[in-house]
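Undergrad: Here it is, the structure, as structure tokens.
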Amino acid sequence: MFLSAAVLAPIGVAYAGPPFATDDPVPTDYGHYELYLYSEGTWAGESLDGTAVGVEVNYGLLPDLQVSADLPVGFNIPDDAGPRFDIGDASVGLKYRILHEDTEGWQPDLSVFPSFEAALVYSGSSGSDRPTHLFLPLWAQKTFGEWSVFGGGGFRINDGVGARNSWFTGIAALKHMGDGLHLGGEFYRETAEARGENGTTAFSLGGTYDLSDSWHVVGSVGAGVADHSGSTSITSYVALEWTL
């Protein structure tokens, strides 16, 4: 699963492994697709922003190698103005699994997932003041019966005036509830991505439901607290997933 462009005010946190910001290391199966039609938003104070609609595509290019792309249409509704819409930051990435889980032992699935994100249309008014991002994470996962526990993190290189490089770390768990339902949660943190901003510590609860072998509903809600200022934000993510 791939990075979707969501923002947790006052810093940006990209979703990866819908519906969570924390990713799992398992690539899309060789020769198969995962397509997400999604929407997400962040409410902070009096403002609301996020992705009005986005499309994310994952493809199993080779065994253990996934290529991913994401294109969102962003929106911003400040407290004193009407809504604004523009093309969000497009992303491409490659997830490569370097270790397979040993079901009889403690070896987990392990993967690297470098990804590059850039603004197709630069617009300072929409918050696109850091035109490019390079994220270099390492993800791991272990299964315990009906539970899957995954997490990791990485270094984000943020290019732009006033930008700061940042670290993301997170851990998540999903439980198979039966009848195609998986529920779980995550806890994660990202340091500040720009000078004068705060890092954020956050959690979210969510899951997936299988409508059929090919169609799935994905969603989550969460909350974050900014360092020092103590300001809070509420996030949401919902997607229709098609696998083939």
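Undergrad: Would the stretch 182-192 turn up any residue that is buried (at least 18 other Cβ atoms within 10 Å of the Cβ), more than 16 Å from the chain's Cα centre (by Cα) and not in a strand (DSSP E or B)?
TA: Yes, some residue in the stretch 182-192 is buried (at least 18 other Cβ atoms within 10 Å of the Cβ), more than 16 Å from the chain's Cα centre (by Cα) and not in a strand (DSSP E or B).
Undergrad: Go over the candidates 220, 204, 233 one by one and state the one that is modelled with pLDDT under 95, under 20 Å from the mean Cα position of the chain (by Cα), surrounded by 20 or more Cβ atoms within 10 Å (Cβ to Cβ) and assigned to a strand (DSSP E or B). Step through it out loud before you land on a result.
TA: On the way: 220 fails: modelled with pLDDT under 95; 204 fails: modelled with pLDDT under 95.
Only one candidate passes the filter, namely 233.
Undergrad: Identify the residue in the stretch 104-123 that is at pLDDT below 90 and surrounded by 13 or more Cβ atoms within 10 Å (Cβ to Cβ) and, among all such residues, is farthest from residue 85 (Cα to Cα).
TA: It comes out as 118.
Undergrad: Further question on the same structure: Since residue 101 meets every condition but one in (1) in a strand (DSSP E or B); (2) crowded, with 17+ Cβ neighbours inside 10 Å, which condition does it not meet?
TA: Unmet condition: (1).
Undergrad: So, in the stretch 12-44, exactly how many residues are touching an Asp or Glu at 6+ places or on another chain (Cβ under 7 Å) and at positive phi?
TA: Adding up the residues that qualify gives 1.
Residue by residue, here is whether (1) at pLDDT 95 or above; (2) farther than 18 Å from residue 233 by Cβ; (3) part of a loop (DSSP other than H, G, I, E, B); (4) of a type in the set (D, E, K, R) holds:
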{"residue": "18", "(1), (2), (3), (4)": "no, yes, yes, no"}
{"residue": "50", "(1), (2), (3), (4)": "no, no, no, no"}
{"residue": "56", "(1), (2), (3), (4)": "yes, yes, no, yes"}
{"residue": "69", "(1), (2), (3), (4)": "yes, yes, no, no"}
{"residue": "90", "(1), (2), (3), (4)": "no, yes, no, no"}
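The values are calculated or read from the model by the stated rules, or taken from the named source; none is laboratory data. Nothing here was measured: the structure is a model prediction, and the numbers come from that model. Please note: Cβ atoms are built from the backbone with ideal geometry, for glycine as well, and neighbour counts cover all protein chains shown.
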